[in-house]
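Heads up, the thing below is written out as structure tokens.
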Amino acid sequence: MSRLTVLGSTGSIGVNTLDVIRQNNHRYQVYALAAGRNVERLAEQILEFRPQVAVVPTEERRVALSERLAGLAKSEWPELLFGPQALVVISAIVGVAGLEATYEAVRAGKRVGLANKEVLVSGGRLVMEAVRAGGAELLPIDSEHNGAHQCLRGGNHAEVTKLILTASGGPFRTTPVEQLAWVTPEDALKHPTWKMGNRITIDSATLMNKGFEVIEACWLFGFAPSQVDVVIHPQSSVHAMIEYSDGSVIAQISATDMRMPIQYALTYPERMQAPVPKIDWAEARRWEFGPPDLQKFPLLKLAYDCQKAGGSATCTLNAADEVAVEAFLSRRISFPSIHRIVDQTVSKLAPRQPATINDILEVDRESRALAREFVERESKTAPAGKVTARA
Ligand SMILES: NC(=O)c1ccc[n+]([C@@H]2O[C@H](COP(=O)([O-])OP(=O)(O)OC[C@H]3O[C@@H](n4cnc5c(N)ncnc54)[C@H](OP(=O)(O)O)[C@@H]3O)[C@@H](O)[C@H]2O)c1
């Protein structure tokens, strides 16, 4: 049995991970669960999966969690600690909050199923150095990177000329650019093909998410930004493609269900029956591919620029975006303001070379503080007022 830790067990990826475990409970034993605010769901998961360790961020939530475990004999309670004995760690905490724990898991040489792309966006160089030093296995759960991982099994790294990541194009793929100032959080949260947490759903609407994925791919697979292309594919059936030097392109295709990449990260290099629908090739279907509109979605271009700039630029990009997305979701700023705030923050804060995780967290804090100032200014110019008026 593999012992497993799920960081972010109460979120979308965490819940899907536990569903995969439920179907394979003879192979996996849940060692630890970590979550943020949702102690209700965490308590349910503890009752079902009986982990030895459960982790919440504050004492207050630990008390709230204990209250919800009152029906369980004290002797059966998990410890509220993060233990080093886990063999497999699923990193699915959203945002930079997942960085330290993932870094420690990598340093301890674990197999890490990585859903949290912000870990590599913020700390790619340090995390990858730790992977090499600790002998850890970093297996991508993000569907595009998981697809690329599968395609890369078809040839040598030196034979690869391009990685192509697909993007659904989000809910505003066909919306005229001048209407974007009017879109509401509810409009932006309607992702056409995936059901995910709020931050990643808004990032998918701005294509920032695809930009993060370009950065993540550069670190994971050792590619230069110029080797990673993005292609709009609204059906989200082809997740990634690898072009080899002879012009042959290998694509990974599967249903839009995160349980497949989660299971792949757990069972690699083996494959097992997964609890996901198969593609019915008897059905007629049409798949489209086209270039992204970088004028309309400038955050994608900014992500390439930050990765080329190197150092802490991508950490600032992520932090500023997290602040701007929160401000958009709370209706303080308009949808196009997300780009303005991120762009201003990245332009103002010169990149530096973080030497430790603490340095990264320091850059993250500074970037957030600066982004909040820009949000303050932007909200006074009141473009979000239009949104509220329309809503
Ligand atoms: N969803 C997808 O299909 C998908 C696909 C590819 C990649 N990803 C990536 O996977 C990560 C998770 O995405 P998601 O959609 O699952 O997000 P989500 O539904 O918002 O879940 C986030 C999880 O993180 C936990 N969390 C947040 N802050 C925390 C903290 N300070 N300490 C401990 N736990 C904390 C949350 O706990 P509470 O809910 O208890 O507060 C929750 O369990 C993101 O990095 C995302 O980019 C997701």
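The values are calculated or read from the model by the stated rules, or taken from the named source; none is laboratory data. Note that the coordinates shown come from a computational prediction; the quantities given were computed from them, not determined experimentally. Glycine also receives a Cβ, built like all others from the backbone with ideal geometry; neighbour counts cover every protein chain displayed.
Of the residues Gln179, Gln150, which single one is away from the ligand (no atom under 16 Å from the Cβ) and part of a helix (DSSP H, G or I)?
Gln179
Find the residue count for region 161-171, including only residues that are out of contact with any Leu (no Cβ under 7 Å at 6 or more places or on another chain) and either more than 14 Å from the ligand (Cβ to nearest atom) or small (Gly, Ala, Ser) (or both). Even if it seems obvious, please write down each step before you answer.
Kept after step one, since they are out of contact with any Leu (no Cβ under 7 Å at 6 or more places or on another chain), are these residues of region 161-171: 161-166, 168-169, 171.
After this cut, where a residue has to be either more than 14 Å from the ligand (Cβ to nearest atom) or small (Gly, Ala, Ser) (or both) as well, the list is 161-164, 168-169, 171.
Matching residues across region 161-171 total 7.
All but one of (1) surrounded by fewer than 24 Cβ atoms within 10 Å (Cβ to Cβ); (2) within 13 Å of Asp203 (Cβ to Cβ) hold for Arg352, so report the exception by its number.
The failed condition is (2).
Between a first residue in region 322-347 that is under 15 Å from Leu207 (Cβ atoms) and at pLDDT 95 or above and a second residue that is in a helix (DSSP H, G or I) and hydroxyl-bearing (Ser, Thr, Tyr), which pairs have beta carbons less than 6 Å apart while being 6 or more apart in sequence or on different chains?
What qualifies is Ile338/Thr206.
Out of (1) closer than 23 Å to Ala355 by Cα; (2) free of Cβ contacts under 8 Å to residues at least 40 places away in the same chain, the odd one out for Arg62 is which?
(1)
Please go through region 224-236 and pick out each residue that is closer than 16 Å to Gly310 by Cβ and under 19 Å from the mean Cα position of the chain (by Cα).
Listed by number, the residues that qualify are Pro225, Val228.
Residues of region 5-23 being of a type outside the set (Gly, Ala, Ser), touching a Ser or Thr at 6+ places or on another chain (Cβ under 8 Å) and not in a helix (DSSP H, G or I), which ones?
Applying the first criterion (of a type outside the set (Gly, Ala, Ser)) to region 5-23 yields 5-7, 10, 13, 15-23.
Narrowing further to those that are touching a Ser or Thr at 6+ places or on another chain (Cβ under 8 Å): 6-7, 15, 17-18.
The answer is Val6, Leu7.
For region 99-143: of the residues being within 14 Å of the ligand (Cβ to nearest atom) and of a type in the set (Val, Ile, Thr), which is surrounded by the fewest Cβ atoms within 10 Å (Cβ to Cβ)?
Restricting to residues being within 14 Å of the ligand (Cβ to nearest atom) and of a type in the set (Val, Ile, Thr), the top hit is Val127.
How many of the residues making up region 20-71 are more than 16 Å from the ligand (Cβ to nearest atom) and hydroxyl-bearing (Ser, Thr, Tyr)?
Final tally of qualifying residues: 2.
Output the number of residues of region 1-19 satisfying the condition of being near the ligand (Cβ under 10 Å from one of its atoms) and either in contact with a Cys (Cβ under 9 Å, 6 or more places away or on another chain) or among the hydroxyl-bearing types (Ser, Thr, Tyr) (or both).
Of the residues in that region, 4 qualify.
Search region 284-301 for residues being within 12 Å of His233 (Cβ to Cβ) and not basic (Lys, Arg), and hand back the single one that is surrounded by the most Cβ atoms within 10 Å (Cβ to Cβ).
Among residues in region 284-301 that are within 12 Å of His233 (Cβ to Cβ) and not basic (Lys, Arg), the one surrounded by the most Cβ atoms within 10 Å (Cβ to Cβ) is Pro292.
Take the conditions crowded, with 17+ Cβ neighbours inside 10 Å, within 14 Å of the ligand (Cβ to nearest atom) and among the aromatic types (Phe, Trp, Tyr) and apply them to Tyr304. Does it pass?
Considered against the rule, which asks whether it is crowded, with 17+ Cβ neighbours inside 10 Å, within 14 Å of the ligand (Cβ to nearest atom) and among the aromatic types (Phe, Trp, Tyr), Tyr304 comes out as no.
Might you let me know whether region 186-196 holds any residue that is modelled with pLDDT of 95 or more, closer than 17 Å to Gly290 by Cα and either away from the ligand (no atom under 14 Å from the Cβ) or within 19 Å of the chain's Cα centre (by Cα) (or both)?
no
Do you know which residues across region 36-79 are under 29 Å from the mean Cα position of the chain (by Cα) and assigned to a loop (DSSP other than H, G, I, E, B)?
The answer is Gly36, Arg37, Asn38, Arg50, Pro51, Gln52, Val56, Pro57, Thr58, Pro78.
Filtering region 187-229 down to residues that are part of a helix (DSSP H, G or I), of a type in the set (D, E, K, R) and in contact (Cβ under 8 Å) with a residue 24 or more places away in the chain, which residue is surrounded by the most Cβ atoms within 10 Å (Cβ to Cβ)?
Glu213
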